[in-house]
Every structure is written in structure tokens, then in C-alpha cells.
Amino acid sequence: MIDVLLWTTEIMTVAMVALTCWSVWHTLRMRGKTGKTINRIPVKKLSYCVFGTLLAILALTCALSSDAPVKINGEVFTDKLWIRLSGMFVYTIIILMVTASIAVILGKIKYDHKKKTRA
């Protein structure tokens, strides 16, 4: 039963990576070579900055994650790659959630400030 779950997980992971690669390729092909600006917002530059920042955060958290053996339910896991990758994803999620929370708070403060200055 565990083998079926592992194979299913691996197949789904490969499928999601393939879908992500196709999606990025399709988006870049449809966008074209021009620096598209929508409502005075440089969409192309913004999307590249977000993607680059995400890759930098992933690389940084992977480098800083521990690869020490973990004991779970009495069993010791020693596969350094998977321990490091799981730490990378946990820390990346925490960083992104904190960043999103700060962005929401700052957006709310800016919105309330604009609202007060108009009144």
C-alpha cells in the first residue's frame, strides 16, 4: 500500500512540474517581447521580480535548512535531501505568509490614509 502512495506522489510531482513548465513557456510565448504596461503598472517587470525573488527565497531557505536526522514516531529519518527540502518549503511558506500579511497591513494603512485625506 505504501508503494502505491509513493508512486502516486512521484507521478503527481512529475505531472505538476511538467504543467508548471508548460504554463511558464505558454505565458512567456503569449506575452511577447514587449515590456507590457497595464494601468501604468509594469506587469512584465513585476512578474520577473516576483519570480526571481521566489527563487532567491527558495535557494536561501534550502541553503539554511538543517539536514540533521529526524526522529518521528520512533523511526529515524536520515535522508538529507528530503529533510533539507522539507525544511526549505516550511521556511519559504512562513516567509511568504509573513510577507503577505505585512503587505495587507500596509495596504490597509495606505487605503485608510487616502480615505482620511479625501474627507
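The values are calculated or read from the model by the stated rules, or taken from the named source; none is laboratory data. Keep in mind that what you see is a predicted model, and the values were worked out from it rather than measured. For neighbour counting, all protein chains shown are included, and Cβ atoms are generated from backbone atoms with ideal geometry for every residue, glycine included. Ligands, DNA and RNA are excluded from the accessible area calculation, which covers all protein heavy atoms including side chains. Shrake-Rupley method; radii C 1.70, N 1.55, O 1.52, S 1.80 Å.
If we keep just the residues of the range 1-44 that are over 26 Å from Trp82 (Cβ atoms) and polar (S, T, N, Q), which is surrounded by the most Cβ atoms within 10 Å (Cβ to Cβ)?
Top of the filtered list is Thr37.
Give me the pairs, please: first residue somewhere in the range 81-98 and more than 14 Å from Ala59 (Cβ to Cβ), second residue anywhere and surrounded by fewer than 12 Cβ atoms within 10 Å (Cβ to Cβ), beta-carbon distance under 8 Å, and either six or more positions apart or on two chains.
These pairs meet every condition: Ile83/Ser66; Ile83/Ala68; Ile83/Pro69.
Could you grab me the full set of residues in the range 77-108 that are open to solvent by 100 Å² or more (accessible area, probe 1.4 Å) and farther than 26 Å from Leu55 by Cα?
Listed by number, the list holds a single entry, Lys108.
I need every pair where a residue in the range 58-76 that is surrounded by fewer than 10 Cβ atoms within 10 Å (Cβ to Cβ) has its Cβ under 8 Å from the Cβ of a residue that is in a strand (DSSP E or B), sequence separation at least 6 or different chains.
Qualifying pairs under 8 Å: Lys71/Phe77; Val76/Val70.
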